[in-house]
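The values are calculated or read from the model by the stated rules, or taken from the named source; none is laboratory data. Here the structure is a predicted model, which is why all the values come from computation and not from measurement. Glycine also receives a Cβ, built like all others from the backbone with ideal geometry; neighbour counts cover every protein chain displayed. Only protein heavy atoms, including side chains, enter the accessible area calculation; ligands, DNA and RNA are left aside. Shrake-Rupley method; radii C 1.70, N 1.55, O 1.52, S 1.80 Å.
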Amino acid sequence: MFKSVKKLFTDKNSTITFDPDRQCFEIDDHAVYQIWMSRILSITMLFFSLSRYFKFDSPNLLFLALSIFFAIMLILGFVNNNASSTIALDQIKSVSYRKSTTSATGSIRLNNKTRRPLYHYNLSQFDNQIELFKSHGIEIKEKSSWF
């Protein structure tokens, strides 16, 4: 049991392949688990901040602000994120990524305004995957580093 739980939290590169018969990209990674983990953490923090807000006799604005923040994060987590493992070519609007010296993160923007996160902890496959998207006519956007 511990091996299966540990397997959920290991870093796994997004392995992307293209299926020419179905005209779709197939993505193999742990994005589903990471998205659900952030949703569970948002629900937990929302619960604790609301319980702290109602515990005091006088309203505490800090816990009210935290409750509002985590409620917004939870709603955006359900509305904006997509974790499907197959994405049709005609559903993709663009691919954006940010590359650092040790890793890269990116996302596939879909036509229905959701995004599919991509994770790259080993940069050896990253350039090949960007070329795979370019070869199928998908717009690539490189984001600048935060620092």
| query | On the given criteria, is ALA71 surrounded by fewer than 14 Cβ atoms within 10 Å (Cβ to Cβ) and not in a strand (DSSP E or B)? | reply | no
| message | Which pairs turn up if I take residues in the stretch 20-49 that are without any contact (Cβ under 8 Å) to a residue 12 or more places away in the chain and look for partners that are aromatic (Phe, Trp, Tyr) and open to solvent by 60 Å² or more (accessible area, probe 1.4 Å) with beta carbon separation below 9 Å, at least 6 apart in sequence or on another chain? | response | MET37/PHE9
| task | Could you tell me which numbered condition ARG39 fails, if it satisfies all but one of (1) under 13 Å from the mean Cα position of the chain (by Cα); (2) under 24 Å from PHE133 (Cβ atoms)? | result | (2)
| request: Please work out which one of (1) surrounded by fewer than 17 Cβ atoms within 10 Å (Cβ to Cβ); (2) in contact with a Leu (Cβ under 7 Å, 6 or more places away or on another chain) is the condition ALA65 fails and give its number. | output: (2)
| said: Taking the condition of being farther than 13 Å from PHE133 by Cα, charged (D, E, K, R) and touching a strand residue (DSSP E or B) at 6+ places or on another chain (Cβ under 8 Å), how many residues in the stretch 10-32 meet it? | reply: 5
| said: If I ask for residues that are open to solvent by less than 50 Å² (accessible area, probe 1.4 Å) and either outside any helix (DSSP H, G or I) or not hydrophobic (A, V, I, L, M, F, W, C) (or both), which ones from the stretch 36-50 would you list? | reply: ARG39, SER42, SER49
| query | among the charged types (D, E, K, R) and modelled with pLDDT under 90: does that describe LYS99? | reply | yes
